[in-house]
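**Q** Quick one: this structure, given as structure tokens, is what I'll be asking you about.
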Amino acid sequence: MKKNANPRSIAFIAGLLAATISTAIIAIGSADIFVALVNFVVVLCVCFLVFNYLLQAFIYNKIKLIYKSIYRFKTHDENELRALDKYNNDPIETVSNEVLDWMLKNRKEVDQLKEQENYRHEFLGNVSHELKTPIQSIQGYIHTLLDGALEDKKVNHLFLTKASNSTERLIELVDELTSISRLEGDKPPLDIELFDVVKLADEVIEMLENQAKEKKIAVRFKKKNTKVLLVEGDKAKVRQVLINLVVNAIKYGKNEGQVLIGFYDMDKSILTEISDNGEGIAEEHLPRLFERFYRTDKGRSRDQGGSGLGLAIVKHIIEAHKQTINVRSTIGIGSTFGFTLKKG
Ligand code: ADP
């Protein structure tokens, strides 16, 4: 049968069939051609009208109704709904296309939901794992103190200080988790302003001076007398990026080493690079470095108070600015992290 057969053509074919059969029967019984011809025309017309009415009333109109319901579900525009009556000549084909579309969309949604479920599962596992370490350490010190160490003047202060450090670590972790969940979830709008990135980096160097001193690391600008460089961005968030990158450069830099901050004019943007001369990162880790909780050396990072979230936060912030971040590193020589910001 024709692909786009409609009630009229189906009724016509059925009428033709009925008329031919009945005419053939009459023609066999009597030789009157006129009677046979009249019979043919009458049967054809009656059958056509009856079939056409039945098909329209009981099949086509009902399918059209189903299609309209599907469409009403998708659109709230009454004009579009009325236009459907005019243009929709083949509701059966349209319904089957709609159902196919709906199935494909549903499958995509199910896949997305599964992906989100895996993500939640993995995230929850990582979070509880990260929280467990400082909590267990606090619990350990408190139990030791309760078991008698509280009276021992030689260790009680030390254990309390260690418990307090773990509490700070716990707070830091929760703060980082809050930042990452905000950056990945609600996506708060950026508070864009014009500022001098060199001055901001200088503030960050000053802020991290003590941390750098502990490892006798010198943090400074690559070029002396770096002049003002205006950029557009969310200053508080860019400060966070600089802090995370400089803290990492100090954490993973070598004792008595140096951390250099360089600025490069890239026509439409300013590239800021933070380099250290630490242990470096093996090539195989580089593609995954910005993933949540990814660490090249889990034990070492935790010893240094690392959560594995710092670089993920940096990446989210830079991507929210529609800018780029990159890393290059050589084992034994050091690492360089660079990010761009729109020139102001
Ligand atoms: P962490 O809190 O563990 O430092 P980050 O997200 O800041 O988490 O960094 C992820 C991992 O990348 C770190 O655990 C470390 O292995 C590696 N890394 C980051 N910065 C450097 C660097 N400057 N030199 C060497 N390794 C680094």
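**Q** Can you find a residue in the stretch 276-287 that is farther than 30 Å from residue 135 by Cβ, near the ligand (Cβ under 8 Å from one of its atoms) and in a strand (DSSP E or B)?
**A** Yes, that holds for at least one residue.
**Q** Scan the stretch 225-262 for residues that are buried (at least 21 other Cβ atoms within 10 Å of the Cβ), of a type in the set (A, V, I, L, M, F, W, C) and not in a helix (DSSP H, G or I) and jot them down.
**A** Selection gives 231, 259, 261.
**Q** I'm trying to understand the selection: among the residues of the stretch 148-183, which are assigned to a helix (DSSP H, G or I), among the small types (Gly, Ala, Ser) and surrounded by fewer than 13 Cβ atoms within 10 Å (Cβ to Cβ)?
**A** Of everything in the stretch 148-183, those that are assigned to a helix (DSSP H, G or I), among the small types (Gly, Ala, Ser) and surrounded by fewer than 13 Cβ atoms within 10 Å (Cβ to Cβ) turn out to be 164, 181.
**Q** With the requirement that a residue be in a helix (DSSP H, G or I) and farther than 15 Å from residue 293 by Cα, what does the stretch 184-199 give you?
**A** 197, 198, 199
**Q** Kindly indicate whether residue 316 is within 13 Å of the ligand (Cβ to nearest atom), at negative phi, in a helix (DSSP H, G or I) and surrounded by fewer than 18 Cβ atoms within 10 Å (Cβ to Cβ).
**A** When the stated conditions are applied, residue 316 does not pass them.
**Q** Of the residues that sit in the stretch 243-270 and are small (Gly, Ala, Ser) and either out of contact with any Asp or Glu (no Cβ under 6 Å at 6 or more places or on another chain) or closer than 24 Å to residue 307 by Cα (or both), which one is farthest from the ligand (Cβ to nearest atom)?
**A** Once the filter is applied, the top-ranked residue is 269.
**Q** If you scan the stretch 206-224, which residues turn out to be surrounded by fewer than 17 Cβ atoms within 10 Å (Cβ to Cβ) and part of a helix (DSSP H, G or I)?
**A** Within the stretch 206-224, 206, 207, 209, 210, 211, 213, 214 qualify.
Every number in this text was worked out from the coordinates using simple rules, so none of it is lab data. Predicted, not measured: the structure shown is a model, and the values here were computed from it. Glycine also receives a Cβ, built like all others from the backbone with ideal geometry; neighbour counts cover every protein chain displayed.
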